[in-house]
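Novice: My structure is below; once you've seen it, I'll send some questions.
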Amino acid sequence: MNRRTLLKAGVAFAAAGLRADPLFGQNASSASRSAKPLPARGEFVIRGAAVLTMDPKLGDFERGDVHLRNGAIVAVAQTLAAPGAAAIDGRGMICMPGFIDTHWHLWTTACRPIIRIDDPKRGYFPVTGALGRHFTPEDSYRSVRLGLAQALSAGATTVHNWAHNVRTPAHADAELRAMRDTGVRGRFGYGQAQGMPDDEPMNYDDVAKVKKEWLPNDGMLALGMCSRNFGPSQTVLRGTISLDMARRDWGGARALGLPITLHTSGPSPIKALDEAKLLGPDVQLVHPLLTSVEERQILRERGVSYSIAPIGESRRPASAGVIQLGELLEAGVKVSLSIDTTGTYGCDYFEAMRILYNLHQHRIGARAPLTSRRLVQLATLDGAVDLGIAERTGSLTPGKRADLILVRTGDVNIAPLGDPYEALISFAQPRNIDTVVVDGRVLRRGGEFTALDYAEVLKDANETAAALRARANWT
């Protein structure tokens, strides 16, 4: 099935002319409605919080203030004078950078009601592989918006949208619009559609059009390329390409100045990619389960990063390998944290950090000590480093953009507060997140959305799930 066939199939209305604001034409519903305006950036001070800056020069404050103005962090100190600025009471809360998710297939979120963890024929890969071929741009918008609603509720302020079902440029526009409408910071990873032949290269004319229309912007959204699997793979439903096709696809991405990301599930492709001179600091790999000492040295030398998705990876069989966080840290490889998918579990960065800690202690322990602070860094600043945006976000450093969360510490599952890092790793849950600020906009306050109409998001997601099931004749 080539791209021309896709356009003639059930997604025909997504053809080339329907782009930008008139993207969905008269066939759309939720995505064509005007999104509720995002909150203004303004000026305010968070006062009296336990502040974890993740900036080694600033350090942390047992009780401190954070001053924000027009989307930027102005100052962080024990006490700040900011005449005329509004105040948010941070007492009884931890103020910290928002989580940075470096790998999430947001388009699969609406498949949740159909996926089963106890039936291999109805598992994540069979369901998303089958239903993915029936996605319209409207479905993509709705599914991504639902996933991002969960991301915000879980404290994520930046998300790498790993979109490996971009059926047409209109699908890309739909996912980017969902990201813009929800107010998150992020990277859109443009990938091949489900069902595309392995011998068909990516259509970089389409990618170039999307880049031209979406970049540059206000700095909130970036663009990258999601590669199909390379070499023997355990996830054949996602496609597996030859080395020659990888050269062609990756060369197209680099010609447009786009970073590249690749799953490494199954036998490691690192040595083959290095011998082909394809690895570099613009490459992010995902799922570090079977790397060797030699390969980790290659990754460090080439500046390649690795995204770890501990909740999903910990569910894989022993034959798939083990989560190699300790080995990667010892080797000096850049690492980050991700959710991967919320098709079979929820978005919970606290759980992800706990799983990493528990598995590290079980496998390695004192040989390579892993602190609570290091895990919080993994979920925040390290994600910014991985995505190449550490100069803008990832820490509460004056001059950076104001991406932060407030976590309540008086809730029954945390109180009384001791060490704040220990509280985050051992006790915190997404329901403890009180406030989410992205680029100076308060997108959640008191555990509620300030702009996003969740009732509409839920209604649209239910409609899309039912329509996909019907279109795919899935029983």
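Novice: Scan the stretch 118-138 and report the pairs whose first residue is closer than 18 Å to residue 460 by Cβ and whose second residue is among the basic types (Lys, Arg) and modelled with pLDDT of 90 or more, with Cβ atoms within less than 7 Å and a gap of 6+ or a chain change.
Specialist: Once the first residue is closer than 18 Å to residue 460 by Cβ and sits in the stretch 118-138, its partners that are among the basic types (Lys, Arg) and modelled with pLDDT of 90 or more give 134/471; 135/167.
Novice: Evaluate the following for residue 296: is it surrounded by fewer than 20 Cβ atoms within 10 Å (Cβ to Cβ), basic (Lys, Arg), at pLDDT 95 or above and on the phi < 0 side of the Ramachandran plot?
Specialist: When the stated conditions are applied, residue 296 does not pass them.
Novice: Can you name the residue in the stretch 431-451 that is part of a strand (DSSP E or B) and of a type in the set (Val, Ile, Thr) and, of all such residues, is nearest to residue 219 (Cα to Cα)?
Specialist: Filtering the stretch 431-451 for residues that are part of a strand (DSSP E or B) and of a type in the set (Val, Ile, Thr), the one nearest to residue 219 (Cα to Cα) comes out as 438.
Novice: Taking the condition surrounded by 23 or more Cβ atoms within 10 Å (Cβ to Cβ) and outside any loop (DSSP other than H, G, I, E, B), does residue 319 pass?
Specialist: No, not satisfied.
Novice: Is it the case that some residue within the stretch 60-67 is surrounded by fewer than 24 Cβ atoms within 10 Å (Cβ to Cβ), of a type outside the set (A, V, I, L, M) and modelled with pLDDT under 95?
Specialist: No, that holds for no residue.
Novice: Moving to a separate point now. Do any residues in the stretch 218-229 that are farther than 17 Å from residue 241 by Cβ have Cβ atoms under 8 Å from those of residues that are open to solvent by 10 Å² or more (accessible area, probe 1.4 Å) and among the β-branched types (Val, Ile, Thr), where the two are at least six apart or on different chains, and which pairs are they?
Specialist: 222/389
Novice: Okay, next question. How many residues are hydroxyl-bearing (Ser, Thr, Tyr) and surrounded by fewer than 22 Cβ atoms within 10 Å (Cβ to Cβ) when one looks only at the stretch 189-216?
Specialist: 1
Novice: Listed residues 288, 269; which is of a type outside the set (A, V, I, L, M, F, W, C), touching a residue at least 12 places away in the same chain (Cβ under 8 Å), in contact with a strand residue (DSSP E or B) (Cβ under 6 Å, 6 or more places away or on another chain) and over 29 Å from residue 151 (Cα atoms)?
Specialist: Exactly one of 288, 269 is of a type outside the set (A, V, I, L, M, F, W, C), touching a residue at least 12 places away in the same chain (Cβ under 8 Å), in contact with a strand residue (DSSP E or B) (Cβ under 6 Å, 6 or more places away or on another chain) and over 29 Å from residue 151 (Cα atoms), namely 269.
Novice: Could you list all residues from the stretch 86-133 that are among the basic types (Lys, Arg) and either part of a strand (DSSP E or B) or over 19 Å from residue 154 (Cβ atoms) (or both)?
Specialist: Listed by number, the residues that qualify are 91, 116, 121, 122, 133.
Novice: Can you tell me how many residues in the stretch 452-475 are open to solvent by 30 Å² or more (accessible area, probe 1.4 Å) and in a helix (DSSP H, G or I)?
Specialist: Residues flagged as open to solvent by 30 Å² or more (accessible area, probe 1.4 Å) and in a helix (DSSP H, G or I) within the stretch 452-475 amount to 12.
Novice: Which residue pairs have Cβ atoms under 6 Å apart, sit 6 or more places apart or on different chains, and have a first residue in the stretch 43-58 that is touching a residue at least 40 places away in the same chain (Cβ under 8 Å) and a second that is open to solvent by 10 Å² or more (accessible area, probe 1.4 Å) and among the small types (Gly, Ala, Ser)?
Specialist: Taking only residues 6 or more apart or on different chains, the pairs are 43/85; 44/85; 44/86; 45/82; 45/85; 45/87; 47/87.
The values are calculated or read from the model by the stated rules, or taken from the named source; none is laboratory data. Just so you know, these numbers come straight off a predicted model, no measurement behind them. When we count neighbours, we look across all protein chains shown, and the Cβ atoms used for this are built from the backbone with ideal geometry, even at glycine. Remember, those area values only see protein heavy atoms, side chains included, never the ligands or the DNA or RNA. Shrake-Rupley method; radii C 1.70, N 1.55, O 1.52, S 1.80 Å.
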